[in-house]
Amino acid sequence: MSATTLPVPAAGGRARRRKLLSDPKHWAAQAGLWSVTALLIAAHQGTLLTYGFPCLAIATGLWLYFMSPARYVGFMWWMWFLSPEVRRLADWSKGAYTPTSLIQIAPLAVTMIAGLGLLRHYRVLAERRGLPVLLILFGLMYAFLVGVVSSGPLAATYDLANWLYPVLIGFHIAVHARDYPEYRKVILSTFVWGMLVMGVYGMVQFFVMPKWDALWMIGSQMNSQGDPVPYGVRVFSTMNSSGPFAFAMMGALVFMIAATERVRWLAGAAGFISFCLCLVRSTWGGWMVALAIQLAKSSNRVRVRIIGSAIVLAGLCVPLLSVGPVADRLGQRLQSITNLKDDRSYDDRNKFYATFAQTAFTDVAGEGLGATGASTKLSSDSGSLGKYGSFDSGVMNVPFVLGWPGTLLYLLGLVWLLGRALRASLRLRRDKFVAACLSLSLSVFAMLVFTNSFIGTGGLLLFMSIFSILSAAHWQKLQRASVARFPGADQ
């Protein structure tokens, strides 16, 4: 076995699975959290669940962060996947919609645990591999200081967390590059199983519309998600809305090609159907771009596998997507792509670009963190979204919030990371996970035209993918050094 090739023998995989099952530190805390959650839901203890779930989730996150760092990343993703549904079930158990639930902070709090890495591994920031991260942090700190003055400390701090946590997860992966094979396995497994769970539930949501989801849609007045009736909803499955769900499914469908789990085809079929039913056109385009990049960078053998996967996926999904109300909803959405003249969303975006471009690009200092998005609720006297609460353009959101100084620092660091990841991928052509990460990071970056893909689920996919590639390259370098130091170790 070559020291520069990722070892994936079947026997080795079974041995690792047995090791994980025999060592409770990898799974006991997670099993305890979800078991207690299920019991409280079954017992209709919504109030207790609202207070207990965030505490147990944070405790589980801390345990995994220190005891099983790779599993911490998987758990973090499951929190983003499932916490919104836990919140809806808690509200349903209480019999009323709760405008602000403590369960909402659970995924953010668990993800921010990765910030401990900046304290534990601060020396890495002074190394060549850490300098881009330092530039990004400086850019965010500038925007934070401006935001504290213009929007208030509460709104600026909340927005800082949203911009920061994707970078923190990427940094966490980078400083554990020695364990790259384990991170690769955990990420692929998490997305395949996550796609299965969310894909199946997404279909249930579309055809049945569970009462707890309907209660949440009515209470939150999420009119953009359609109507809370069967066949009337834009699928968001277990997540907060169709946008983050679409990003998650897009990532899962890209990672599926590199996965080896036996359920990947079933998961892919369920995920693809729900991905179509979420009706988010920008992620449809992003997924196509990611597939095109994978085809362009892959060997002929892998290209055949990708095309074969697409054919199998189409064979599994087309029968359901081409009949009845599913076909009607998809047909209307696809028609809007070709008939842009009558597309209200496209028209609104064009008007927004025309009227706001000058403001966004001429505000040199920037408005600071807290000026856009959900954080504007914290600076509003009424608790509702502020003037720029709904911001439908990432290209203008970034300079408007970060200002020229913050934007230059942030983009310099990010483009530096992307360039290094692209160069590293050329040396790792045999690693299908690296190819998937590269295509995903480039497609998410390109989606900045439609939304701010540097934060939220898109940001997590972007930085996780970039740093996974860099970790793979660093792991390969360590393997070569080990072989040079101990000749014969690769035999």
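Read the figures in this text as sums done on the coordinates, not as results from a lab. Just so it is clear, the model here is predicted, and its values are computed rather than measured. Cβ: placed from backbone, ideal geometry, glycine included. Neighbour counts: every protein chain shown.
To the nearest Å, what is the center-to-center distance of segment 402-447 and segment 184-230, using C-alpha atoms only?
Between the Cα centre of segment 402-447 and that of segment 184-230, the gap is 30 Å.
Given a Förster radius of 22 Å and the C-beta distance between Lys477 and Leu125 as r, what FRET efficiency does 1/(1 + (r/R0)^6) yield to the nearest 0.05?
Computed FRET efficiency for Lys477 and Leu125: 0.70.
So if I take the centroid of the Cα atoms in segment 268-298 and the same for segment 66-81, what is the distance between those two points in Å?
Here the answer is 25 Å between Cα centres.
Relative to the present Cα-Cα distance, how much length would full extension add between Ala59 and Val208 at 0.36 nm per residue of separation?
Numbers: separation 149, 0.36 × 149 = 53.64 nm, distance 3.49 nm.
Here the segment from Ala59 to Val208 would lengthen by 50.1 nm.
What percent do you get for the relative contact order of the chain when only Cα pairs under 8 Å and 6+ apart count?
Details: 726 pairs, mean separation 104.9, N = 491.
Result for the chain is 21 percent.
Provide the convex hull volume over Cα atoms per residue for segment 21-120, in Å³.
86
Using 0.36 nm per residue, how much length does the chain from Arg305 to Leu116 gain when fully extended, once their Cα-Cα distance is taken away?
64.0 nm
In debye to the nearest 20, how big a dipole does segment 176-269 give about its Cα centre with +1 on each Lys and Arg Cβ and -1 on each Asp and Glu Cβ?
Its charge dipole is roughly 200 debye.
Could you give the dipole magnitude of the chain about its Cα centre, charging the beta-carbon of Lys and Arg +1 and that of Asp and Glu -1, in debye to the nearest 20?
2060
Within the chain, which is the longest segment containing none of the trypsin sites (Lys or Arg not before Pro) that sit in a DSSP loop and have at most 11 other Cβ atoms within 10 Å?
Result, exposed sites excluded: 1-261.
How big is the C-alpha Rg of segment 124-207 next to the rule-of-thumb value 2.2 N^0.38 Å, as a ratio? Walk me through the numbers before you get to the answer.
Values: Rg = 18.2 Å, N = 84, 2.2 N^0.38 = 11.8 Å.
Taking the Cα Rg and dividing by 2.2 N^0.38 Å, one obtains 1.54.
Say R0 is 60 Å: what FRET efficiency, to the nearest 0.05, do Asp328 and Arg423 get from their beta-carbon distance?
Efficiency at R0 = 60 Å is approximately 0.80.
Dipole magnitude of segment 260-306 about its Cα centre, charges +1 at Lys/Arg Cβ and -1 at Asp/Glu Cβ only, in debye to the nearest 20?
It works out to roughly 220 debye.
Over 29 Å between Cα atoms: which of Lys185/Lys477; Lys94/Lys185; Lys432/Lys477; Lys25/Lys297 fall into that group?
The pairs that break the limit, which is 29 Å between Cα atoms, are Lys94/Lys185; Lys25/Lys297.
Can you list the residues, at least 5 places off or on another chain, whose amide H is less than 5 Å from the amide H of Val233, using H built in the peptide plane?
Sorted by chain and number, the residues that satisfy this are Asp227.
Projecting each Cα onto the charge dipole of the chain (Lys/Arg +1, Asp/Glu -1 at the beta carbon, about the Cα centre), which of Ala374, Phe463, Ile187 comes out farthest on the positive side?
Positive-most Cα among the choices belongs to Ile187.
If contacts are Cα pairs under 8 angstrom and at least 6 residues apart, what is the relative contact order of segment 21-120 in percent?
35
Farthest toward the dipole's positive end in the chain, which of His26, Ser482, Gly52, given Cβ charges of +1 (Lys, Arg) and -1 (Asp, Glu) about the Cα centre?
Ser482
Quick check: residue separation of Ala446 and Arg178 times 0.36 nm, minus the Cα distance between them. What number comes out in nm?
Separation in residues times 0.36 nm, less the Cα-Cα distance, equals 93.5 nm.
Using helices alone, I'd like the mean residue ellipticity at 222 nm for the chain: each DSSP H run of four-plus residues gives -39500 (n - 2.57), total over residue count, nearest 500.
Working: 19 runs with 350 residues, N = 491.
Calculated from helices alone, the mean residue ellipticity at 222 nm is -24000 deg cm²/dmol.
Within a Cβ distance under 14 Å of Ala310, other residues only, what is the Lys/Arg minus Asp/Glu net charge?
+3
Given labels modelled 7 Å from the Cα in the Cβ direction, how far is it in nm from Phe66 to Ala314?
5.3
Could you tell me which of rounded, prolate or oblate describes the chain, using a ≥ b ≥ c as the square roots of the eigenvalues of the alpha-carbon gyration tensor, with rounded for a/c under 1.5 and, failing that, prolate when a/b is larger than b/c and oblate otherwise?
In terms of gyration-tensor shape, rounded.
Shape call for segment 140-260 from the C-alpha gyration tensor, a ≥ b ≥ c root eigenvalues: rounded (a/c under 1.5), prolate (a/b greater than b/c) or oblate?
It comes out oblate by the Cα gyration axes.
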